[in-house]
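Student: Structure incoming, see below.
Derivation of every value follows stated rules applied to the coordinates shown; laboratory data play no part. A quick note: this is a predicted structure, and the numbers were derived from the prediction, not measured. Positions of Cβ are generated from backbone atoms using ideal geometry, with glycine treated the same way; all protein chains shown enter the neighbour counts.
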Amino acid sequence: MSEFEFGEVVRLIEGLSTEVQNLEAQMKSGFAEMRAEMRDRFDRQDARLERHGALLQTGSRWVNRMNQWSEKVDRLLAVWDDRNQRLEERLRKLESNGWQT
């Protein structure tokens, strides 16, 4: 191999080394950007999931309160129905005994 050819090989290797370093820098930069984008997306997704969780929890509380209210109303209506039934029975007895309105 002549000195000229050796010099050409050295220049090619140096050029290749420079290209590899540039590629490495570009890849590092690109991966850093991807990580930042992914972090932003995960942060937005986390915020969205927190909002969904809060809505689900609020809905669960509301449903629980509605169940409690409906059970209370059911108990009150049962008492009311029982009272009305007893009053109707008393009225029938009074009417059957000759009491007139």
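Student: Using the Karplus equation 6.51 cos²θ - 1.76 cosθ + 1.60 (θ = phi - 60°), what ³J(HN,Hα) coupling, rounded to whole Hz, does each residue of the range 14-25 give in order, writing x for Gly and Pro?
Tutor: 5, x, 5, 4, 5, 4, 5, 5, 5, 4, 4, 5
Student: Would you be so kind as to identify which of Leu12, Thr58, Met27 lies farthest towards the positive end of the dipole of the chain, taking Lys and Arg as +1 and Asp and Glu as -1 on Cβ and the Cα centre as origin?
Tutor: Going by the Cα projections, it comes out as Thr58.
Student: Under a GNM of the chain (C-alpha, springs under 10 Å), which listed residue has the highest mean-square fluctuation: Arg75, Arg48, Arg90?
Tutor: Arg90
Student: Same structure again: Percent of alpha carbon pairs in the chain separated by more than 21 Å?
Tutor: Of the Cα pairs, 74 percent sit more than 21 Å apart.
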